[in-house]
Amino acid sequence: MDLKNVRRDYEQGRLCRESLNNDPMQQFATWFQAAKDHPSQTDPTAFVLASVGSDGQPHQRVVLLKDIEPNGFVFFTNYDSQKGHDIAANNRVSMHFGWLAIEQQVRIEGFARKISREASAEYFYSRPRESQLGALASAQSHPIASRAELEQRFHDLEATYKDQQVPMPEQWGGYLIVPEKFEFWQGGRYRLHDRFTFTQQQQQWHIERIQP
């Protein structure tokens, strides 16, 4: 497989200091809205979450952003999953949004903490009933013999809780990622991409252009 000539140039936009909002959360909101509105950008809420296990091994996976709060970003998962174990051992994480249809990327570094049980329940019961049952059926990241066994669990729970509220699993809930560093990347011609970082220094955001 020859991949040397698989390439394209990036020509949709430019990023300059004057166009950046001084608040990276506001800058993120502007770009996020553009990604949501673009007809070719699928799954704009999807981001790669990177964590590090207790053995020092990095792990990555795609998760979905479910809320943007003034102080960070919220996603939901099983606390007994690989990512949950990683965060319990080391709560330093990074996020990566790749909105390639609009030739933009955002990297965010910070730390994760659990949100309240009440806030998790509010979101859990806003989900479709099938998703609630799926969360209850799956011991996320743990081995299972077959797909058939997993689906049987789902159907058994569906029968058990027919005409009843599905209980939220004890090990399921949300995390808030509190950002400490942002990078906004805009693709540029000749691989001269525009990159700006926002780094917290004494409770203020320091903005800096970095080389591509």
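The values are calculated or read from the model by the stated rules, or taken from the named source; none is laboratory data. If you're wondering where the values come from, they're calculated on a predicted model, not measured in any experiment. Note: ideal-geometry Cβ built from the backbone for every residue, glycine included; neighbour counts use all protein chains shown. Calculation scope for accessible area: heavy atoms of the full protein, side chains included, ligands and nucleic acids excluded. Shrake-Rupley method; radii C 1.70, N 1.55, O 1.52, S 1.80 Å.
Would you confirm whether any residue within the range 99-116 is touching a helix residue (DSSP H, G or I) at 6+ places or on another chain (Cβ under 8 Å), of a type in the set (Ser, Thr, Tyr) and open to solvent by 40 Å² or more (accessible area, probe 1.4 Å)? Taking every residue of the range 99-116 in turn, none turns out to be touching a helix residue (DSSP H, G or I) at 6+ places or on another chain (Cβ under 8 Å), of a type in the set (Ser, Thr, Tyr) and open to solvent by 40 Å² or more (accessible area, probe 1.4 Å).
Yes or no: residue 33 open to solvent by 80 Å² or more (accessible area, probe 1.4 Å), free of Cβ contacts under 8 Å to residues at least 12 places away in the same chain and polar (S, T, N, Q)?
Spelling it out, residue 33 is indeed open to solvent by 80 Å² or more (accessible area, probe 1.4 Å), free of Cβ contacts under 8 Å to residues at least 12 places away in the same chain and polar (S, T, N, Q).
When the range 188-212 is filtered for residues that are open to solvent by 70 Å² or more (accessible area, probe 1.4 Å) and among the polar types (S, T, N, Q), the ones remaining, listed by number, are 200, 201, 202, 203, 204, 211. A Cβ distance below 9 Å, combined with a sequence gap of six or more or placement on separate chains, defines the contacts here; from the range 193-206, residues that are farther than 17 Å from residue 16 by Cα and touching a residue at least 40 places away in the same chain (Cβ under 8 Å) reach no residue that is part of a strand (DSSP E or B) and aromatic (Phe, Trp, Tyr).
Listed by position, the strands (runs of 3 or more DSSP E) contained in the range 20-86 that have at least 3 residues being farther than 16 Å from residue 98 by Cα and in contact with a strand residue (DSSP E or B) (Cβ under 6 Å, 6 or more places away or on another chain) are 72-78.
Restricting attention to the range 9-19, the residues that are part of a loop (DSSP other than H, G, I, E, B) and surrounded by fewer than 17 Cβ atoms within 10 Å (Cβ to Cβ) total 6. Remark: pairs (first residue in the range 3-16, over 14 Å from residue 31 (Cβ atoms); second residue loosely packed, with under 11 Cβ neighbours inside 10 Å and of a type in the set (Phe, Trp, Tyr); Cβ separation under 9 Å; 6+ apart in sequence or on different chains) = 9/190.
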